[in-house]
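Enquirer: Below you'll find the structure I mean.
The values are calculated or read from the model by the stated rules, or taken from the named source; none is laboratory data. Everything numeric here is computed off the predicted structure, so don't read it as measured data. Every residue, glycine among them, receives a Cβ derived from its backbone with ideal geometry; neighbour counts consider all protein chains shown. Surface accessibility is based on the protein's heavy atoms, side chains included, excluding ligands, DNA and RNA. Shrake-Rupley method; radii C 1.70, N 1.55, O 1.52, S 1.80 Å.
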Amino acid sequence: MHAKWKIFSRFPGRNLSVAIFQAAGITLLAYLLSTVLLQPFSLSIATLISSNDKRDFDITDFYNIIADGRAVRAVDRDITILDITDASREDVAAILDVMPDFEPRAVGLDVMFDVPHDDDSLLLDAIRRLPDMVMLVDVEPDKAHNARTFHLGETSFFYSDMPNHTYGASNMPTKGVGGVVREFAVDFPTSGGSSIPSFPVAVATKVDASTVQHLRERGNVTELINYPSRRFRTVFWQELGNHADDIRDHVVLIGALGNPEDMHATPPQHTLSGIEIHALSLSTILNASYINPLNQFWNMAIAFILCFMLAMIHISLPPEFKALVLRGIQLILLYLIIVIGYNFFIDHSVVINFSYTLLMLTFVLFACDIWLGIKGVIKYVGKHKAARQKTINHYDTVSDNQ
């Protein structure tokens, strides 16, 4: 017997094909355990490090937390946020009135004027002077179409009087109310066959329509927001006159950074305002810095291969030091998973979803114990059945002799 197969010689009657069959069975059992046992709870091991919502965690959150902790910060060259925290409606009207003089590349207004005031003439005149400015609407799902299509919800009071202006939906996809904002929507389809672009997509169309064409060619309903290590020039509205260079030929997003009703949980564990999330979404589009999830097949293939290897080692090792070696291998694999996943996320903008791998590696030793326990029970039953049959045959023989 070759030296590399001697490890299987300690199992009488076993050969490599039998060991492979057992490892495959253990791997499948680990998969079933990780799926069935955790399904009722919608919980994974990774959720233990989530502080936003224990039931709302994704593997990309882990990568974002590590990546955003780096000392490096990139200032976006195209986007400036004009912070209008504590600005009155009249102040906003005055800002919009002078905005054309600063010659911005594009303007996005993250403000909803739901009801009219008596002195809105300056506001309406300023908006008319900015025909290419993108403004907000809200969309609501159509219950009759199982929320697959949408209709207009809340709009500014002048929406019907300015139909030729550009509007974008402010809605942010989350798993539930108050959930983590990981993605931005591309378009919100309507029951009439048209669609309403999201706010960042509508602004990007004004800036560079080719970037939006590339976005739509990707064919995704939503896209992951590229969060880590990004910040934007921020100008406070009262200091607007001193920052003409930060406005001219820049994309200006106007919104409140300090509005407590517009704060959202994000993957890097920072609570950000809606205007900042729109800015990050817009930057993702304009820079084509998309994050691409690895195909589900390969995510599962990685999980099954690593689990199969660990099961083979479990079968092969002698019991004296099996537990120590397997725990050491598990720790090494966990470390490699973190390092490899992080590097792919940062260097290649690829998300390898190691959730399946982590779960299966957690359950593989448990699956080994169950597998060996079932084998032991079968062997025990078979042994006693054979002994019983032997006894019956003995008495039959004695009876025949008599």
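Enquirer: Mind checking whether some residue in the stretch 94-110 is on the phi > 0 side of the Ramachandran plot and of a type outside the set (Gly, Ala, Ser)?
Expert: Checked against the condition, which is being on the phi > 0 side of the Ramachandran plot and of a type outside the set (Gly, Ala, Ser), the stretch 94-110 yields at least one hit.
Enquirer: Among the listed residues Ser229, Ser210, identify the single one that is open to solvent by 30 Å² or more (accessible area, probe 1.4 Å) and polar (S, T, N, Q).
Expert: Ser210
Enquirer: Conditions: (1) under 30 Å from Ala265 (Cα atoms); (2) of a type outside the set (Gly, Ala, Ser); (3) more than 27 Å from the chain's Cα centre (by Cα). Arg129 meets all but one. Number of the miss?
Expert: Of (1) under 30 Å from Ala265 (Cα atoms); (2) of a type outside the set (Gly, Ala, Ser); (3) more than 27 Å from the chain's Cα centre (by Cα), only one is false for Arg129: (1).
Enquirer: Can you go through Asp142, Asp208 and tell me which one is over 30 Å from Glu90 (Cβ atoms) and in contact (Cβ under 8 Å) with a residue 60 or more places away in the chain?
Expert: Result of the check over Asp142, Asp208: Asp208.
Enquirer: Still on this model: Looking at (1) in contact with a Phe, Trp or Tyr (Cβ under 7 Å, 6 or more places away or on another chain); (2) part of a loop (DSSP other than H, G, I, E, B), find the lone condition where Pro104 falls short.
Expert: Unmet for Pro104, out of (1) in contact with a Phe, Trp or Tyr (Cβ under 7 Å, 6 or more places away or on another chain); (2) part of a loop (DSSP other than H, G, I, E, B): (1).
Enquirer: Condition first: in contact with a Lys or Arg (Cβ under 8 Å, 6 or more places away or on another chain), surrounded by 15 or more Cβ atoms within 10 Å (Cβ to Cβ) and among the small types (Gly, Ala, Ser). Can you find one or more residues in the stretch 240-263 that meet it?
Expert: No, the conditions are met nowhere in the stretch 240-263.
One line per residue, one yes/no per condition, for (1) in contact with a Lys or Arg (Cβ under 9 Å, 6 or more places away or on another chain); (2) modelled with pLDDT of 75 or more:
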{"position": "Asn299", "(1), (2)": "no, yes"}
{"position": "Leu317", "(1), (2)": "no, yes"}
{"position": "Ile346", "(1), (2)": "yes, yes"}
{"position": "Phe366", "(1), (2)": "no, yes"}
{"position": "Leu372", "(1), (2)": "no, no"}
{"position": "Asn393", "(1), (2)": "no, no"}
{"position": "Thr397", "(1), (2)": "no, no"}
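Residues are listed down the side, and each one gets a yes or a no for (1) open to solvent by less than 20 Å² (accessible area, probe 1.4 Å); (2) in contact with a strand residue (DSSP E or B) (Cβ under 7 Å, 6 or more places away or on another chain); (3) in a loop (DSSP other than H, G, I, E, B):
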| site | (1), (2), (3) |
| --- | --- |
| Ile81 | yes, yes, no |
| Met112 | no, yes, yes |
| Pro116 | no, no, yes |
| Glu140 | no, yes, no |
| Arg148 | no, no, yes |
| Lys175 | no, no, yes |
| Pro189 | no, yes, no |
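Enquirer: Something else now. State yes or no: is Asn164 in a loop (DSSP other than H, G, I, E, B) and open to solvent by 80 Å² or more (accessible area, probe 1.4 Å)?
Expert: Considered against the rule, which asks whether it is in a loop (DSSP other than H, G, I, E, B) and open to solvent by 80 Å² or more (accessible area, probe 1.4 Å), Asn164 comes out as yes.
Here's the yes/no breakdown for (1) more than 28 Å from the chain's Cα centre (by Cα); (2) within 21 Å of Ser34 (Cα to Cα); (3) surrounded by 12 or more Cβ atoms within 10 Å (Cβ to Cβ):
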residue: Pro318; (1), (2), (3): yes, no, no
residue: Lys322; (1), (2), (3): yes, no, yes
residue: Leu334; (1), (2), (3): no, yes, yes
residue: Val350; (1), (2), (3): no, no, yes
residue: Val364; (1), (2), (3): no, yes, yes
residue: Gly373; (1), (2), (3): yes, yes, no
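Enquirer: Could you list all residues from the stretch 320-336 that are under 22 Å from Ala24 (Cβ atoms) and either in contact (Cβ under 8 Å) with a residue 60 or more places away in the chain or of a type outside the set (Lys, Arg) (or both)?
Expert: Val325, Leu326, Ile329, Gln330, Leu333
Enquirer: Determine which single condition Gly153 fails, assuming it passes every other condition in (1) in contact (Cβ under 8 Å) with a residue 40 or more places away in the chain; (2) open to solvent by less than 50 Å² (accessible area, probe 1.4 Å); (3) not aromatic (Phe, Trp, Tyr); (4) not in a loop (DSSP other than H, G, I, E, B).
Expert: Of everything listed in (1) in contact (Cβ under 8 Å) with a residue 40 or more places away in the chain; (2) open to solvent by less than 50 Å² (accessible area, probe 1.4 Å); (3) not aromatic (Phe, Trp, Tyr); (4) not in a loop (DSSP other than H, G, I, E, B), Gly153 misses just condition (1).
Enquirer: Restricting to the stretch 264-287, name every residue that is open to solvent by 30 Å² or more (accessible area, probe 1.4 Å) and either among the hydroxyl-bearing types (Ser, Thr, Tyr) or under 12 Å from Gly108 (Cβ atoms) (or both).
Expert: Thr271
Enquirer: Then there's this: Which of the numbered conditions does Val212 fail, given that it passes all the others? Conditions: (1) assigned to a loop (DSSP other than H, G, I, E, B); (2) touching a helix residue (DSSP H, G or I) at 6+ places or on another chain (Cβ under 6 Å); (3) hydrophobic (A, V, I, L, M, F, W, C).
Expert: The number of the failed condition is (1).
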